[in-house]
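Trainee: For reference, the structure I am asking about is given below.
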Amino acid sequence: MKTADAVRLWHDEHARFARLLDFLDTQMMVFHEGGHPNYELMRDVVHYLQHYADRYHHPREDVAFELMLQREPALAPQIKRLMHEHRVINTVSAKLYKYLEDILEDAFIARETVEAVAATYLVYYRSHIASEESDILPQAAQLMTEADWALVAAAIPSTPDPLFGKEVGARYRELHKQVALEMRAGAENA
């Protein structure tokens, strides 16, 4: 894969993840105000980010990070922080997913507990994406070769994206519709 294509793919995935985080944030505002958010779609956002981003996107980034460190050791503090953030995001997403599952099963979870975990998740994830976009992607474009990207692809083989790919997985059909509606509404308001 050409470096420009690999970097664009990384960026495009970040943009899709950011849209999902915006949706989750909007639903959390409804929750905070005592309304009735769409818990099922909130759960599906977290599930997707756990089962796609945490299993494919972040591990590919980790391999790329290691290759970048071989070429530019001065990036170590930034890259180590980002790799740590992958673990934090994974841990917090598991908690948030569990709380959403519990809510859907009519278990009582204190509003403050759910809001604290969701806020941590959203802040960490957004900050993480912003750091990668501003600091790491430009470095990756300069440091990594096509051979490096081939090593990344070989280490973590890609899988069809079940939400944004050609075929939407059954679990994500409603979320896909919602994201498409919001994108159309955003384009009309622009």
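Trainee: Could you tell me which chymotrypsin sites (Phe, Trp or Tyr not before Pro) in segment 57-110 are loop residues by DSSP with no more than 11 other beta carbons within 10 angstrom of their beta carbon? If you can, show how the numbers build up before the last one.
Mentor: Values: sites: Phe65, Tyr97, Tyr99, Phe108; in loops: Phe108.
Here the chymotrypsin sites (Phe, Trp or Tyr not before Pro) that fit, given the DSSP loop and packing criteria, are Phe108.
Trainee: Another question, then. Can you work out the Karplus-derived ³J(HN,Hα) for every residue in segment 58-69? Use 6.51 cos²θ - 1.76 cosθ + 1.60 with θ = phi - 60°, whole Hz, and x for glycine or proline.
Mentor: 5, x, 5, 4, 4, 5, 4, 4, 4, 5, 5, 5
Trainee: Can you grab the distance from the C-alpha centre of segment 130-190 to the C-alpha centre of segment 9-54, Å, no decimals?
Mentor: After rounding, the separation between the Cα centres reads 14 Å.
Trainee: So what is the relative contact order of segment 3-189, in percent, for Cα pairs below 8 Å that sit 6 or more residues apart? Could the numbers behind the result be given before it?
Mentor: Working: 128 pairs, mean separation 61.6, N = 187.
Computed value for segment 3-189: 33 percent relative contact order.
Trainee: Whats the longest run of the chain with zero GluC sites (Glu not before Pro) that are DSSP loop and have at most 13 other Cβ atoms within 10 Å? Let's see the in-between values first.
Mentor: On the way: sites that count: Glu33, Glu105, Glu167.
That would be 34-104.
Trainee: Now a separate question. The chain: longest stretch without exposed trypsin sites (Lys or Arg not before Pro) (DSSP loop, at most 12 other Cβ within 10 Å), sites themselves excluded?
Mentor: 3-165
Trainee: What residues have an amide H closer than 5 Å to that of Ile109, excluding those fewer than 5 places away on the same chain, when H is modeled at 1.01 Å from N in the peptide plane?
Mentor: Placed amide hydrogens put nothing under 5 Å from Ile109.
Trainee: Between Ala155, Ala76, Ala110, find the one with the highest GNM mean-square fluctuation for the chain; connect C-alpha pairs within less than 10 Å.
Mentor: Top of the fluctuation ranking is Ala110.
Trainee: May I ask you to derive the FRET efficiency for Gln142 and Ala18 from their Cβ-Cβ distance with R0 = 22 Å, giving the value to the nearest 0.05?
Mentor: Values: r = 24 Å, r/R0 = 1.07.
Plugging the Cβ-Cβ distance into 1/(1 + (r/R0)^6) gives 0.40.
Trainee: State, in angstrom, two size descriptors of the chain derived from its alpha carbons: Rg to one decimal place and Dmax to the nearest whole number.
Mentor: Spelled out, the Cα radius of gyration and Dmax of the chain are 17.5, 52 Å.
Trainee: I want to check the label-to-label distance for Ala116 and Glu40. Put each point 7 Å from Cα in the C-beta direction and report it in nm to one decimal.
Mentor: Label at Ala116, label at Glu40, 3.1 nm between them.
Trainee: Separate question: If I model a spin label as a point 7 Å beyond the Cα along the Cα-Cβ vector, how far apart are those points for Val123 and Gln50 in nm?
Mentor: 2.2 nm
Trainee: Picking from Leu24, Leu104, Leu137, which is most flexible by a Gaussian network model of the chain using Cα springs under 10 Å?
Mentor: Per the Cα network of the chain with a 10 Å cutoff, Leu104 tops the list.
Trainee: Right, here's the next one. Per-residue ellipticity at 222 nm for the chain, helices alone: DSSP H runs ≥ 4 residues times -39500 (n - 2.57), over residue total, nearest 500 deg cm²/dmol?
Mentor: Details: 8 runs with 138 residues, N = 190.
Mean residue ellipticity, 222 nm, calculated: -24500 deg cm²/dmol.
No lab work stands behind these numbers, since they all come straight from the coordinates. In this text the structure is predicted, and so the values were computed from the model without any measurement. Ideal geometry is used to build each Cβ from the backbone, glycine not excepted, and the neighbour counts take in all protein chains shown.
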